[in-house]
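Contents: one structure, followed by commentary.
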Amino acid sequence: MSDGQQGKSPQDSAIETTYLVMPSQANPQGTAFGGAIVAWIDMAAAMAAQRHCGREVVTAAIDSIIFKEPIRIGDQVMLKASVNYVGRTSMEVGVQVTRQDPYGGNSVVATSAHLTFVALDENKRPVPVLPIVPRTDAERKRYENAKIRVKARKEMIEKFRQ
Ligand SMILES: CC(C)(COP(=O)(O)OP(=O)(O)OC[C@H]1O[C@@H](n2cnc3c(N)ncnc32)[C@H](O)[C@@H]1OP(=O)(O)O)[C@@H](O)C(=O)NCCC(=O)NCCS
């Protein structure tokens, strides 16, 4: 459970959602269109970010996305999204996409992504968010890894602003 204003754990705002891949979401090879997967990822991640901060959020960046395995028409696709790390107004959300053959039960991680969301106030300006309080070993590891990525991204943004 959350500690109110002290912060929330990643589990407090985590999202799990499932889709069935339909022909309209596939390319001529019968595998899922990457853009459809990205839309699902963005939506799941945005919901986790909204739950964390209790505010309107915008996608500031899709920082990384790796398509490791193809996803096929008829596959069930499970998305797990959770907040890895927060800055002042931004949140890094990690999304893991698992593909499952509904008949054979074979389940593999097909795609993973990191996205940055920014919380907005009533005037659509960035607003501070609650701290994130990792509680499990896995959450602490994701937090530490995200901290390194966020630092590297900020340095890169600064470099290109000059
Ligand atoms: C995201 C947005 C609100 C940031 O506004 P801004 O004036 O640059 O705000 P700031 O410079 O104060 O940055 C706010 C936070 O966003 C982070 N940020 C800004 N641009 C970023 C980027 N490209 N990647 C990652 N983080 C970014 C900053 O590091 C800062 O984080 P912090 O408060 O945790 O330290 C603004 O760029 C925007 O509205 N973009 C359009 C969003 C949108 O329409 N998304 C839908 C996609 S089509």
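Using the Stokes-Einstein relation with a Kirkwood hydrodynamic radius computed over Cα pairs, the translational diffusion coefficient of the chain at 4 °C and a viscosity of 1.567 mPa s comes to 78 µm²/s. Rolling a 1.4 Å probe over the protein heavy atoms gives region 35-134 an accessible area of 45 Å² per residue.
Computed from backbone phi with θ = phi - 60° and the Karplus coefficients 6.51, -1.76 and 1.60, the 3J(HN,Hα) list for region 111-117 is 8, 9, 8, 10, 10, 10, 10 Hz; x is used for glycine and proline.
When nucleic acids and ligands are ignored and a 1.4 Å probe is applied, D137 ends up with an accessible area of around 120 Å².
Could you please state how large a percent of the accessible area of the chain is carbon and sulfur, counting protein chains only and using a 1.4 Å probe?
Numbers: 4960 of 9340 Å².
The value for the chain is 53 percent carbon and sulfur by accessible area.
Couplings 3J(HN,Hα) of region 142-156, computed from phi: 4, 4, 5, 5, 5, 4, 5, 5, 4, 4, 4, 5, 4, 5, 5 Hz, in residue order, whole Hz [Karplus 6.51 cos²θ - 1.76 cosθ + 1.60, θ = phi - 60°; x for Gly and Pro].
Between D63 and H114, L115, T116, the built amide H atoms are under 5 Å apart, and every one of these is 5 or more places off in sequence or on another chain. Based on the inverse mean of 1/r over its pairs of different Cα atoms, what is the Kirkwood hydrodynamic radius of region 44-90, in Å? That comes to 12.9 Å for region 44-90. The fraction of all Cα pairs in region 1-70 landing in successive 5 Å bins from 0 to the largest distance is 3, 13, 21, 19, 16, 12, 8, 4, 2, 1, given as whole percents. Rounded to the nearest 20 debye, the dipole magnitude of the chain is 480 debye, with +1 charges on Lys and Arg beta carbons, -1 on Asp and Glu beta carbons, and the Cα centre as origin.
The values are calculated or read from the model by the stated rules, or taken from the named source; none is laboratory data. Note that this is a predicted model, so its numbers are computed, not measured. Neighbour counts are summed over all protein chains in view; Cβ atoms, including those assigned to glycine, are modelled from backbone coordinates with ideal geometry. For the accessible areas, the whole protein counts, side chains as well, though only heavy atoms, and no ligand, DNA or RNA atoms are used. Shrake-Rupley method; radii C 1.70, N 1.55, O 1.52, S 1.80 Å.
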